């Protein structure tokens, strides 16, 4: 089995957070649905997983505070996905549902801490 580097894992971790950030709410409905129910749902399973977070923590890409927040985000998101039937997988629901807004707020909080932890380099690299 092929593994990816810590640097690549970090890139996917950031992309996962960006796909569930509050900025997504400003996008067209189709894009919101794609970002949440395709990108975020698939990537949250892997790139917010404890194994990935352990690699990022050990490699000093993230501090312990982000590690715990990311674990919490994964639990909340996977719980929400498991309870969402097809009729509730719409941009309208995402924009109005308190749980989705909390998930996006948590993603934004993690991204904010990540920027504070990593500095200007992360802004350039990931276009914040």
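Throughout, read-outs are computed from the coordinates displayed, never taken from laboratory work. Given the structure is predicted, the values throughout are model-derived calculations rather than measurements. FYI the Cβ positions are ideal-geometry reconstructions off the backbone, even for glycines, and counts take in every protein chain you see.
Rg over Rh for segment 6-126 works out to 0.96, using Cα positions for both radii and the Kirkwood form for Rh. Ordering 55-68, 78-91 by mean Cβ neighbour count within 10 Å, with the highest value first, yields 55-68, 78-91.
Computed over the chain, the per-residue total of -39500 (n - 2.57) for DSSP H runs of n ≥ 4 gives a 222 nm mean residue ellipticity of -21000 deg cm²/dmol, rounded to 500. Against the main long axis of the alpha-carbon atoms of the chain, helix 98-118 sits at an angle near 20°. The label-point distance for residue 87 and residue 29, in a model that sets each label 7 Å from Cα toward Cβ, rounds to 1.7 nm. For the chain, the longest principal axis of the Cα atoms and the long axis of helix 64-83 meet at an angle of about 30 degrees.
Spin-label model, residue 79/residue 58: points 7 Å from Cα along the beta carbon direction are separated by 2.9 nm. Sorted fewest first by neighbouring Cβ atoms within 10 angstrom, 35, 2 come out as 2, 35. In this simple spin-label approximation, residue 39 and residue 117 carry label points 7 Å from Cα along the Cα→Cβ vector, and these lie 2.1 nm apart. Treating r as the C-beta distance of residue 99 and residue 67 and R0 as 30 Å, the FRET efficiency rounds to 0.85. Taking Cα centroids, how far is segment 33-68 from segment 84-115 in Å? Between the Cα centre of segment 33-68 and that of segment 84-115, the gap is 15 Å. Each peptide among 106-118, 10-22 gets the average number of other Cβ atoms lying within 10 Å of its residues, and from highest to lowest they stand as 10-22, 106-118.
The angle between the Cα long axis of helix 6-18 and the main principal axis of the chain comes to about 30°, on a 0 to 90 degree scale.
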